[in-house]
Amino acid sequence: MAKPEVRRRYAPATVVKAVAADLGLPHDDQMQDPDIELANSGRLDDFVEYFLSTEPDSDERLFVGELLIGSLDDLLNLKCSDRYVDAVRELLLENYSLFRGAIYYWARADVNEPDEEFAVTMIMRDIIRDAE
């Protein structure tokens with residue numbers, strides 16, 4: 001998969017902090033990747049509900065969508081369920097322009113070795129194929 005030049009958009013730190021507080025997540029200003037560090041497969045229902053309550057193209061939706069991807073990756077790594085795959089996939093497709101950069105990041109278009117992929121890599125590649 002050839003990787004086109006795709007810029008990844010990030011939510012501002014103030015939004016990350018506010019959303020973390022709204023969701024009762026343990027936020028620390030020193031977190032390098034809060035979307036990954038705060039991901040929690042046990043909170044996917046909460047994240048989907050919060051995502052749906054946000055405005056389209058908002059920074060809040062951007063951050064929660066990134067939490068969804070990281071949490072889905074956690075869930076798939078645990079190999080205990082894939083029940084959220086279709087729901088998260090649909091949300092990302094419907095909001096593709098907002099998440100294009102994050103989707104390309106998780107798709108790992110720059111690697112061909114399975115041991116260098118994320119658990120959600122193939123799902124993200126399928127989203128790219130369907131959206132573009």
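Each value in this text was obtained by applying a stated rule to the coordinates, not by laboratory testing. Computed from a prediction, not measured in an experiment: that's the story for all the values here. Please note: Cβ atoms are built from the backbone with ideal geometry, for glycine as well, and neighbour counts cover all protein chains shown.
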For segment 8-35 and segment 77-108, what is the centre-to-centre distance using only Cα atoms, to the nearest Å? 19 Å
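Explain nothing, just the number: relative contact order of segment 13-131, from Cα pairs under 8 Å at least 6 residues apart, as a whole percent.
Values: 120 pairs, mean separation 25.3, N = 119.
Over segment 13-131, the number comes to 21 percent.
Which FRET efficiency, nearest 0.05, do Asn77 and Leu52 yield, Cβ-Cβ r, R0 25 Å? Before the final figure, lay out the partial values.
On the way: r = 25 Å, r/R0 = 1.00.
Computed FRET efficiency for Asn77 and Leu52: 0.50.
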Need one number: convex hull volume per residue for segment 1-56, Cα atoms only, in Å³. 139 Å³
The chain, Gaussian network, Cα under 10 Å: of Thr121, Thr54, Thr14, the residue fluctuating most is Thr14
How far apart, in nm, are two points set 7 Å out from the Cα along the Cα-to-Cβ line at Glu37 and at Thr14? 2.1 nm
Note down, for segment 13-131, the three equivalent ellipsoid semi-axes (square root of 5 times each alpha carbon gyration tensor eigenvalue), biggest first, whole angstrom. 22, 16, 14
GNM flexibility winner over the chain from Val85, Val48, Val111 (Cα, springs under 10 Å): Val111
Please compute the modelled spin-label separation between Val6 and Asp110, points set 7 Å along Cα→Cβ, answer in nm with one decimal. 1.3 nm
Low-density loop trypsin sites (Lys or Arg not before Pro), segment 58-132, at most 12 other Cβ within 10 Å, DSSP non-H/G/I/E/B, are Lys79, Arg83
Only Cα pairs within less than 10 Å get springs; with that Gaussian network setup on the chain, which residue of Ile69, Ile36, Ile103 has the largest fluctuation? Ile36
